[in-house]
Amino acid sequence: MVGIIVVVGGAAIWWFVYRPLPQLDGTATLPGLQNEVTVERDRWGVPHIRARSVQDLVEAQGYVVAQDRLWQMDLFRRVARGQISEILGPRTLTIDKEFRTMQFGRAAERDLQLMDPEARDMMEAYARGVNHFIETHTKQLPLEFSLLGYKPQPWQASDSLTISAYMYRTLTDTWERKLDRATVEARVGLERSKELFSPEAAMDHFVIGDPNVVNDGSKGKRVPTDDEDDDDDMPPDPVIKASADGAHRGVEAERFPDLTSALAESVCDSLADMRRDIRQGLGSNNWVVSGDHTATGKPLLANDTHLELSLPPIWYQVHVTAPAWNVKGFTLPGAPMVIIGHNERIAWGFTNNGADVQDLYVETFNPGAADEYRVRGSWTKAQVYDETIRVKGAADEHLQVVVTRHGSIVHRDGDKAYALRWTATEPGGLANTYNWMGKARNWEEFGNVMKRVWGPAQNAVYADVQGNIGYLMAAKVPIRKKGHGEIPMPGDTDDYEWTGYIPFEQLPQALNPDSGLIVTANARVVGPNYKPYLTDRWEEPYRTARIYDLLHDKHGLRPTDMLKVQTDTYSYPHAFLADQLAAAAKTVQPKDERARTLIDGLKDWNGIADADSPEVSFLDATRRAALALILEPYLGKDTKLYEWRSLAFLQKILTDRPAKWLPPAYKSYDELLAAAADRGVARLAEMSKKTRAEDWAWKRFDSLDLAHPLGRTGLLKDFLSIMDKPQSGTAYSPRAATNHHGPAMRFVASPGNWDESIMLIAGGQSGQPGSGHYTDQFPYWYEGRAISEGFTDAAEASARKHTLTLKPGR
């Protein structure tokens, strides 16, 4: 009997896990091709796609990425279109309703038609490749389709644009913070708000606009001074008004048996974790050093994007070659070409800039007519769309999406309705992104490609084989007629409308600064000498400061030195707080003996956030407690509403110690810190259910989870996910270590020798757990080891493991 069970179990595993694995060698037919295409894969499963035309290249890329990541691609487009309840049932309706309200599907359909013919042809070719894989593998689909009991619909060209929409939401979704800021400002008052929401931070390192830097590389790029006219007088790029009309793709969903609630719950938890971690602090690192700092005399460029950590990873590695294209790097599953990487001449990398491209407008609706709202004193009809959401195992759900001249109503609070205007859903917002970067051959061409970009707004660093280094930020950043849109504004007047976009020539740019070093890590990149308004909500300055300190005086640098910086686990804000607590303890001791013991142990702590350190856990809990104690007199239990540069604010308060912010319950800031330490240890005991400080190692609170969306519990957790791995670093270390969010890829480009470039992702190339490339890169990523990705034919030939020839025909 046992033997029969083993045989049946083995057969089931083969059928569902190994049988769907893709063909990697030999020949296969791809009907849309004009000529043969070769797909060579190295030991990591990274494909090099060689074609004689761009159309053939992109069609083959669609086919190859579908081989590895089809279910992930399907999940992304379903989330962005608000269609996951079709496969997961009622549990995901809230998510679908949110995305339907954003109208990404309608925007993608519209923007596909706005694309120039070459770009649209590229999207359609990619879709053909994906669809041929689907059509020829309906009986060999990846495991997830079997678990959920459905088959993928054909891939549409506009689906690739919904991937852009998904990233827009990930990188620029700030409207809820504007509501929170309005609440905080109302409670604390104007004067205190200025300090809470100040863009200033002591440890900022500006890329341009620093009055103390003679040549930051922005010479020749005129930067207005404070004595000159305001932003509104710049000749703006025009704003194209969005039409709420547009094609909407209906879905003919099959009716499937009920899915177990655990799988739907798992996907919901994955999406919730991603949104929560990103809301608490989106981050990435990039930098470039000139040849003066390197061993080769040529620049080095580094980039690690901090996004959701999952299996499969959000990034996919690829090398694409066709006439005028020879590019290697990272792309998103479902997006053609390469987004971050290098060609033979240049390299580039991105971090999120954080430019404010969302505004909330408070709309006044007519009590006597629900579809009318007020514009300049008169009632105007809103557009109302009935969205049909198909739900697995239940009746269709209908959602009324109300759209004003500003955009969809995304939030209601009593009689107030909030409409969202967002560059992502303006005409062209999804059609002009970063897929064309690999075609540029020099700084001028790089700028010309970036000029086409709508967003999401990125800090781009640049290096080339001629020895140039540069920085460029490009996006459509709105110019407001009045104010900056930090909080919701009245919608019934034209006073707060967008009048255009900041012209490309006025956006931050720098080429060959005297320092030979450009660093961005989501913190403030423009100093007081830069005038156009981008945002005043920058991320904390600590990763930027640490990277700058590790590099600014170094010489003889090599790619592996860049990797060491990417994996550095020093945490500036925790080191600062350690000094504050040690000094405070000389005058006021915490009441809790555990807090006193931990403070005493900080004398030997070096600022490295080690996974086994209880001191790091203590410092993290204490800094949260200290901030809460300062804000509770004004916000009560709602201190989490304040999500600005909270650590920079806390650092300033504890450095300057102003009487106005000291709560009445405390006689001094030393006393407040002692109370925060007591609260911190109490919180650690509560969270860990352990009373001894020795049991509060940082890994208990900040362990790493790389979860598959279906693999968060039970047997699927063990089979599909990597969970509960100890990790060093904090969110403020260059390594950016949090539970579900961090460096989804690492990239070091070496223009002096492209074959020495480093590329790796957090898991592996394949999304199929039966593949040897499902998690093969994880040990290298986790341990901070390098994976060199060759670029020349000779280097790639030595690493080649598989060759598949795709042939035209039926």
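Out of all the residues in the range 737-757, which are assigned to a loop (DSSP other than H, G, I, E, B) and modelled with pLDDT of 95 or more?
Of everything in the range 737-757, those that are assigned to a loop (DSSP other than H, G, I, E, B) and modelled with pLDDT of 95 or more turn out to be A744, S750, P751, G752, N753, S757.
Give E789, E756, E783, E796 a once-over and let me know the one that is out of contact with any strand residue (DSSP E or B) (no Cβ under 9 Å at 6 or more places or on another chain) and of a type in the set (D, E). Let's see the steps before the verdict.
Numbers: E789 fails: out of contact with any strand residue (DSSP E or B) (no Cβ under 9 Å at 6 or more places or on another chain); E756 fails: out of contact with any strand residue (DSSP E or B) (no Cβ under 9 Å at 6 or more places or on another chain); E796 fails: out of contact with any strand residue (DSSP E or B) (no Cβ under 9 Å at 6 or more places or on another chain).
E783 is the lone residue from the list that is out of contact with any strand residue (DSSP E or B) (no Cβ under 9 Å at 6 or more places or on another chain) and of a type in the set (D, E).
Can you work out which of the residues in the range 761-793 that are touching a residue at least 12 places away in the same chain (Cβ under 8 Å) and more than 19 Å from P313 (Cα to Cα) is surrounded by the most Cβ atoms within 10 Å (Cβ to Cβ)?
F791
Out of the residues in the range 89-145 meeting the condition of being modelled with pLDDT under 95 and basic (K, R), tell me which one is most open to solvent (accessible area, probe 1.4 Å).
Filtering first and then ranking leaves K139.
Just checking, how many residues over the range 591-629 are assigned to a loop (DSSP other than H, G, I, E, B) and among the hydroxyl-bearing types (S, T, Y)?
In the first step, residues of the range 591-629 are kept if they are assigned to a loop (DSSP other than H, G, I, E, B); the result is 591-592, 605-607, 609-613.
From what's left, among the hydroxyl-bearing types (S, T, Y): 613.
Summing the residues that are assigned to a loop (DSSP other than H, G, I, E, B) and among the hydroxyl-bearing types (S, T, Y) in the range 591-629 gives 1.
For the range 410-434, what are the residues that are aliphatic (A, V, I, L, M) and touching a helix residue (DSSP H, G or I) at 6+ places or on another chain (Cβ under 9 Å)?
The answer is V410, L420, A424, L430, A431.
Please count how many residues of the range 544-567 are in a helix (DSSP H, G or I), in contact (Cβ under 8 Å) with a residue 40 or more places away in the chain and open to solvent by 50 Å² or more (accessible area, probe 1.4 Å).
Residues in the range 544-567 being in a helix (DSSP H, G or I), in contact (Cβ under 8 Å) with a residue 40 or more places away in the chain and open to solvent by 50 Å² or more (accessible area, probe 1.4 Å): 3 in total.
Mind listing whichever residues of the range 462-500 are open to solvent by less than 20 Å² (accessible area, probe 1.4 Å) and basic (K, R)?
Passing the criteria: only R480.
Considering only residues that are among the aliphatic types (A, V, I, L, M) and without any contact (Cβ under 8 Å) to a residue 40 or more places away in the chain, look in the range 711-731 and name the one that is least open to solvent (accessible area, probe 1.4 Å).
M723
Among the residues of the range 569-581, is there at least one that is modelled with pLDDT of 95 or more and within 30 Å of K298 (Cβ to Cβ)?
If we filter the range 569-581 for residues that are modelled with pLDDT of 95 or more, which is where we start, we get 569-581.
Subsequent filtering for residues that are within 30 Å of K298 (Cβ to Cβ) retains 569-570.
Yes, the range 569-581 contains at least one residue that is modelled with pLDDT of 95 or more and within 30 Å of K298 (Cβ to Cβ).
Can you find even one residue in the range 147-164 that is within 30 Å of Y732 (Cα to Cα) and part of a helix (DSSP H, G or I)?
Yes.
Counting only residues that are under 11 Å from P559 (Cα atoms) and either in a strand (DSSP E or B) or open to solvent by less than 10 Å² (accessible area, probe 1.4 Å) (or both), how many does the range 294-309 have?
The total comes to 5.
Can you name the helices (runs of 4 or more DSSP H) wholly within the range 1-94 that have at least 3 residues being touching a residue at least 60 places away in the same chain (Cβ under 8 Å) and within 26 Å of the chain's Cα centre (by Cα)?
The helices (runs of 4 or more DSSP H) meeting that bar are 54-81, 85-88.
Identify, by number, the condition in (1) modelled with pLDDT of 95 or more; (2) within 17 Å of the chain's Cα centre (by Cα) that T380 doesn't meet.
T380 satisfies every listed condition except (2).
Check whether at least one residue in the range 310-318 is assigned to a strand (DSSP E or B), of a type outside the set (D, E, K, R), in contact with a Gly (Cβ under 8 Å, 6 or more places away or on another chain) and closer than 24 Å to D464 by Cα, and report yes or no.
Checking the range 310-318: at least one residue is assigned to a strand (DSSP E or B), of a type outside the set (D, E, K, R), in contact with a Gly (Cβ under 8 Å, 6 or more places away or on another chain) and closer than 24 Å to D464 by Cα.
Can you find even one residue in the range 502-511 that is buried (at least 21 other Cβ atoms within 10 Å of the Cβ), assigned to a strand (DSSP E or B) and in contact with a helix residue (DSSP H, G or I) (Cβ under 8 Å, 6 or more places away or on another chain)?
yes
Which of the residues that make up the range 193-216 are open to solvent by less than 50 Å² (accessible area, probe 1.4 Å) and over 16 Å from V525 (Cβ atoms)?
Once the filter is applied, which keeps residues that are open to solvent by less than 50 Å² (accessible area, probe 1.4 Å) and over 16 Å from V525 (Cβ atoms), the range 193-216 yields S193, L196, F197, S198, N215.
Would it be correct to say that V39 is open to solvent by less than 10 Å² (accessible area, probe 1.4 Å) and farther than 25 Å from A272 by Cα? Spell out the reasoning first.
Numbers: open to solvent by less than 10 Å² (accessible area, probe 1.4 Å): yes; farther than 25 Å from A272 by Cα: yes.
Yes; evaluated as a whole, the condition is true for this residue.
Considering the range 104-138 alone, what residues qualify as being in contact with a His (Cβ under 9 Å, 6 or more places away or on another chain) and either of a type in the set (D, E) or outside any helix (DSSP H, G or I) (or both)? Spell out the reasoning first.
Restricting attention to the range 104-138, the residues satisfying the condition of being in contact with a His (Cβ under 9 Å, 6 or more places away or on another chain) are 105-106, 109.
E109 - this is the single residue of the range 104-138 that is in contact with a His (Cβ under 9 Å, 6 or more places away or on another chain) and either of a type in the set (D, E) or outside any helix (DSSP H, G or I) (or both).
Restricting attention to the range 54-70, which residues are open to solvent by less than 10 Å² (accessible area, probe 1.4 Å) and of a type in the set (A, V, I, L, M, F, W, C)?
L57, V58, A60, V64, V65, A66, L70
For the range 353-363, state whether one or more residues are more than 27 Å from the chain's Cα centre (by Cα) and either part of a loop (DSSP other than H, G, I, E, B) or in contact (Cβ under 8 Å) with a residue 60 or more places away in the chain (or both).
yes
From the residues in the range 629-645 that are in contact (Cβ under 8 Å) with a residue 40 or more places away in the chain and under 28 Å from the mean Cα position of the chain (by Cα), which one is nearest to R735 (Cα to Cα)?
R645
State which residue pairs qualify: first residue more than 12 Å from F618 (Cβ to Cβ) and inside the range 577-594, second residue open to solvent by 60 Å² or more (accessible area, probe 1.4 Å) and of a type outside the set (S, T, N, Q) in any location, beta carbons under 8 Å apart, and separation of 6 or more residues or different chains.
Hits for this filter: A582/K603; A585/R596; A585/D600; Q589/R596.
The values are calculated or read from the model by the stated rules, or taken from the named source; none is laboratory data. Here the structure is a predicted model, which means the values were calculated and not measured. Backbone-built Cβ (ideal geometry, glycine too); neighbour counts: all protein chains shown. Quick note on the areas: whole protein, heavy atoms, side chains included, nothing else; ligands and nucleic acids left out. Shrake-Rupley method; radii C 1.70, N 1.55, O 1.52, S 1.80 Å.
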